[in-house]
Amino acid sequence: MAASPPGLTAAPGPLIPRTAAAPVPSGGRGSRLMALDGLRLVAALMVCLYHYTGRGGTVSASWHASPAHLFPVLSRAAVYGNLGVELFFVISGFVICMSSWGRTLGDFFRSRIARLYPAYWVALVLVTGASLALPAVVHPVRLDEFLVNVTMLQQPMGATRVLGVCWTLWVEVRFYVLFALLVVLRGVSYRRVVLFSCVWTLAAVLCTSSGNQLLNQVVMPEYAPFFVGGLALYLIHRFGSDLLAWGIVAMSWLLAQSEATHGLWGPHPHRNPYVVILIVTLAFAAVAVVALGWTRWASWPWLVTAGALTYPFYLVHEHLGWFVIRVLHRALGLPAWPTLVVTVLGMLVLAWLIHRFVEKPFGPRLKRALKERKLGSRSPGLGF
């Protein structure tokens, strides 16, 4: 039976000891959630198909035709593929809450840095090199652009993004900082996650009409409901269903569908608003199914590999894929469908190489290096 979620009233002691594991129900909830790995790859492939067949611009130049003309059926579905990003954000809320439980603030930041930067730096070098070798696809990256992109802070600096998809990393980083400073700093518990979710939701609603750009950058009203929904779904997974957590999920879904419809249909009337709402609903429902433990049967080892490939694949697929499409389709004359299949498979292979030879060896080394203390001092309140 699932452990009862603690209430929000005062208790004679810490709700969940920050160094102890919270009670995990029996029946497999403590094992790796492989279905979540599969969902991450689904989200990445959705975004990939959008970038290859669901939009115009640079990819049309690579195809030397409109993707809607080359893939008339696929393109009508792929135009909604960018909603894979919103699925990523729901999953991220779930995973960050799960992975930060019982960790110090220092542990949290070290794990995020070691997870994000190695593959990102390699993708940055690869795309920069491709832009210099084949400048007909994207403009050659200047040295100053490359150097500021190394920080992953190019977007708030107003600099050119070498990796088009990295705008989502800036959204993720802001979520990490908010969650770390307001929850992880004092120790993750049911109560603190609930309070954080409620306060962030209220701030996002108020911020929407404030017109304050700085406040918008911090609170992220257009993305907050997706992260909050993921956080609440993890509480349901860890402690079992209760009305409060499901209420947060329901509120997040209601706000999320509004934000998605406003952002993805309003400026783009060729999309169907009902389809946008349906995809947002499916995103929440898919993570909810995992949270409830209904996917324990999905224990295939390849799902772990699929999850591991997701981040490097997401980083490299857009610009490098456009380069490959231009070479295969325009230069070598390969038909459109074989070009699409070979490009997607090629990006998956490249993602595996990055994971195998960059992330696996260098991620742990970077994490260990960040933990070394040359002065032998320790910050007592932060857990560094």
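What list of ³J(HN,Hα) couplings, whole Hz, do you get for the stretch 51-64 from phi and the Karplus terms 6.51, -1.76, 1.60, once you set θ to phi - 60° and write x for glycine and proline?
5, 8, 9, x, 9, x, x, 4, 5, 5, 5, 5, 6, 6
Given the DSSP H assignment, sum -39500 (n - 2.57) over each helix run of at least 4 residues in the chain and divide by its residue total; what's the result at 222 nm in deg cm²/dmol, nearest 500?
Numbers: 17 runs with 250 residues, N = 384.
Computed mean residue ellipticity for the chain: -21000 deg cm²/dmol.
Peptides 105-111, 129-135: what's the order by average Cβ count within 10 Å, highest mean first?
Final packing ranking: 105-111, 129-135.
Per-residue counts of other Cβ atoms within 10 Å, averaged by peptide: what ranking do you get for 309-320, 36-47, highest first? Walk me through the numbers on the way to the answer.
Numbers: 309-320: 25.1, 36-47: 22.6.
With the highest mean Cβ count within 10 Å placed first, the list reads 309-320, 36-47.
About its Cα centre, how strong a charge dipole does the chain have in debye, to the nearest 20, once Lys and Arg get +1 and Asp and Glu get -1 at the Cβ?
So the magnitude is around 1100 debye.
Roll a 1.4 Å probe over the protein chains and send me the accessible area per residue for the chain in Å².
46 Å²
For the chain, with the dipole built from +1 on Lys and Arg beta-carbon atoms and -1 on Asp and Glu ones, taken about the Cα centre, which of 159, 332, 129 lies farthest toward the positive end?
129
If DNA, RNA and ligands are ignored and the probe is 1.4 Å, what is the ranking of 368, 161, 192, 238 by accessible area, most exposed first?
Ranking 368, 161, 192, 238 by accessible area, largest first, yields 368, 161, 192, 238.
Which FRET efficiency value, to the nearest 0.05, is calculated for residue 292 and residue 349 with the Förster distance at 22 angstrom and r the Cβ-Cβ distance?
It comes to 0.05.
Would you kindly derive the ³J(HN,Hα) couplings of the stretch 312-322 from the backbone phi angles with the Karplus curve 6.51 cos²θ - 1.76 cosθ + 1.60 (θ = phi - 60°), listing them in order in whole Hz, with x for Gly and Pro?
Working through the residues one at a time gives x, 4, 4, 5, 9, 5, 5, 5, 5, x, 5 Hz.
Okay, which of the stretch 300-344 sit inside 12 Å, backbone N to the point 7 Å along the Cα-Cβ direction of residue 61?
323
Applying the Karplus parametrisation 6.51 cos²θ - 1.76 cosθ + 1.60 with θ = phi - 60° to the phi angles of the stretch 237-248, what ³J(HN,Hα) value in whole Hz is obtained for each residue in order, glycine and proline being reported as x?
Whole-Hz 3J(HN,Hα) from phi for the stretch 237-248: 5, 7, 10, x, 5, 8, 4, 5, 5, 5, x, 5.
Given the options 100, 347, 35, identify the residue whose Cα lies farthest towards the positive end of the charge dipole of the chain (+1 on Cβ of Lys, Arg; -1 on Cβ of Asp, Glu).
100
Quick check on the stretch 124-277: take the gyration tensor over C-alpha atoms, sort the square-rooted eigenvalues as a ≥ b ≥ c, and tell me if it's rounded (a/c under 1.5), prolate or oblate.
prolate
If you average 1/r over every pair of different alpha-carbon atoms in the chain and take one over that average, what Kirkwood value in Å do you get?
After inverting the mean inverse Cα-Cα distance, the result is 22.1 Å.
At a 1.4 Å probe, what is the % contribution of carbon and sulfur to the accessible area of the chain? Write down the numbers at each step before the final one.
Details: 12190 of 17770 Å².
Ligands and nucleic acids excluded, carbon and sulfur reach 69 percent.
The values are calculated or read from the model by the stated rules, or taken from the named source; none is laboratory data. Owing to the predicted nature of the structure, the values given are computational and were not obtained by experimental measurement. Every residue, glycine among them, receives a Cβ derived from its backbone with ideal geometry; neighbour counts consider all protein chains shown. Ligands, DNA and RNA are stripped out before the accessible areas are found, and what is left, the full protein with its side chains, is counted by its heavy atoms. Shrake-Rupley method; radii C 1.70, N 1.55, O 1.52, S 1.80 Å.
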